[in-house]
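Report on one structure; see the data block that follows.
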Amino acid sequence: MFFSPRLSAKTLGELSHRLAVETESGIDIRRTWKREVASAPRRTRGEIEAVSRAIDRGDSLSAALAGTGELFPPLFRQIVGVGEKTGTLGRVFHHLSKHYRRQVQLQQMFLWAIAWPMIELVLAIIVIGALIWMLGIVAQRNNGTPIDILGFGLIGTRGLLIYIGLLTVAGLGVAGLVVAAKRGVLSLKPLQRAMMHVYGVGQSLEKLALARLSWALHLAMNVEMDLRQVVPLALQATGSEHYAQHTEQVVKIVAAGHPLYKALAATRAFPADFIDALEVAEESGAVVESMERLSQRYEEEAETALKLLTTIAGVAVTLLVMGVIVLMIFRLAGFYLGTINDALQG
């Protein structure tokens with residue numbers, strides 16, 4: 001699971017675009033996936049071929065994707081499942097293509113936003129390493145008396161090696177946590193719930209989740225589906241544990257004969273404007289049309305929200321770099337002030 005291959009957002013966007021075009025062109029799905037096998041890179045060809053074989057056996061696409069492990073992210077599989085059940089696979093793939101391409105654009109924006117702060121951070125780390133090594137040279141010329149300006153106890157070549165080792169361990173630890181979270185080995189559910197209450201970040205994540213929820217409701221309620229089946233699909237499609245955790249509660253309320261807007265309102269997790277819009281839609285019998293318009297509105301707001309998240313992340317990295325620099329300034333200032341004080345007292 002931890003080292004299993006997984007498609008990148010760029011690859012998912014390109015795949016979704018091809019599938020959208022071929023699905024809407026009426027091309028046999030078996031032929032489509034045989035083409036994907038032929039063009040797939042070696043590291044993912046086995047899983048793509050497994051999808052093709054499953055479809056040849058008569059399995060649904062969502063069932064075939066579920067057998068590929070972690071190759072396709074949960075959101076992709078869930079939305080494809082909704083598309084199959086509602087007969088709107090072509091539109092679903094177009095939406096997924098747009099979603100993943102926007103994700104790639106935002107990733108690029110994020111990298112540009114943090115590029116300079118990261119360069120500053122790397123330079124600060126290099127300067128600290130060079131200073132640790134130079135302290136060893138100064139100690140040798142000072143009759144072996146160590147001068148620990150930084151106050152970390154790291155001096156000379158040995159101190160530099162320890163410093164590099166600590167940085168390596170820290171880097172591998174962070175990378176491991178990120179990969180574990182992406183692979184689902186490390187649960188981020190408590191963190192997701194907590195982030196919803198962080199100013200700026202919570203509002204951005206809310207817009208993203210509601211855009212997916214509205215779109216999933218638009219698709220699922222476009223055909224005759226039991227509302228008890230619609231609810232789990234729609235709430236899981238949000239990609240947010242903050243909303244998905246209420247699935248069982250909402251299903252019970254709906255099963256008791258209450259409208260969906262009352263079931264969602266009972267959780268106290270959804271914003272009032274969303275509940276009001278859903279109430280009007282259900283009472284007027286225009287849920288499908290209203291959810292489509294609502295999803296478009298939330299998508300626009302979600303794009304703005306993602307840009308805000310990117311800005312927040314860039315600021316966070318900048319503050320981290322500034323913190324490291326300020327810490328080093330105080331360390332150096334403390335050393336020199338101590339030296340001056342000792343000289344005055346002497």
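The values are calculated or read from the model by the stated rules, or taken from the named source; none is laboratory data. Note that the structure is a prediction, hence the values are computed from the model and not measured. A quick note on method: Cβ atoms are made from the backbone with ideal geometry, for glycine too, and the neighbour counts reach across all protein chains shown. Ligands, DNA and RNA are stripped out before the accessible areas are found, and what is left, the full protein with its side chains, is counted by its heavy atoms. Shrake-Rupley method; radii C 1.70, N 1.55, O 1.52, S 1.80 Å.
Criterion applied to Leu61, Leu12, Leu19 was being in contact with an Asp or Glu (Cβ under 7 Å, 6 or more places away or on another chain), buried (at least 20 other Cβ atoms within 10 Å of the Cβ) and under 24 Å from Trp215 (Cβ atoms), and the one residue passing it is Leu61. Leu208 meets the stated requirement of being crowded, with 16+ Cβ neighbours inside 10 Å, at pLDDT below 85 and closer than 25 Å to Leu89 by Cα. Considering the range 193-264, the qualifying helices (runs of 4 or more DSSP H), each wholly inside and each with 3 or more residues that are closer than 22 Å to Thr86 by Cβ, run over 201-220, 227-237, 247-255.
Restricting attention to the range 32-44, does a residue exist that is surrounded by 18 or more Cβ atoms within 10 Å (Cβ to Cβ), in a helix (DSSP H, G or I) and small (Gly, Ala, Ser)? No: zero hits. Would you please name the residue that is nearest to Ala211 (Cα to Cα), looking only at residues in the range 88-111 that are modelled with pLDDT of 80 or more and open to solvent by 60 Å² or more (accessible area, probe 1.4 Å)? Among those that are modelled with pLDDT of 80 or more and open to solvent by 60 Å² or more (accessible area, probe 1.4 Å), it is Lys98.
Condition test on Gln78, is it buried (at least 16 other Cβ atoms within 10 Å of the Cβ), in a helix (DSSP H, G or I), within 20 Å of the chain's Cα centre (by Cα) and of a type in the set (S, T, N, Q)? The answer is yes for Gln78.
If only residues of the range 121-158 that are at pLDDT 75 or above and open to solvent by 60 Å² or more (accessible area, probe 1.4 Å) are counted, the one that is nearest to Ile329 (Cα to Cα) is Val127.
When the test is whether a residue is farther than 18 Å from Asp28 by Cα, without any contact (Cβ under 8 Å) to a residue 40 or more places away in the chain and assigned to a helix (DSSP H, G or I), Ile48 does not pass it. For the range 106-124, indicate whether the set of residues that are small (Gly, Ala, Ser), in a helix (DSSP H, G or I) and in contact with a His (Cβ under 7 Å, 6 or more places away or on another chain) is non-empty. No, because not a single residue in the range 106-124 is small (Gly, Ala, Ser), in a helix (DSSP H, G or I) and in contact with a His (Cβ under 7 Å, 6 or more places away or on another chain). Would the range 167-175 turn up any residue that is surrounded by 13 or more Cβ atoms within 10 Å (Cβ to Cβ) and modelled with pLDDT of 70 or more? For the range 167-175, residues surrounded by 13 or more Cβ atoms within 10 Å (Cβ to Cβ) and modelled with pLDDT of 70 or more: present.
Scanning the range 238-256 turns up one or more residues that are crowded, with 16+ Cβ neighbours inside 10 Å, modelled with pLDDT of 90 or more and among the polar types (S, T, N, Q).
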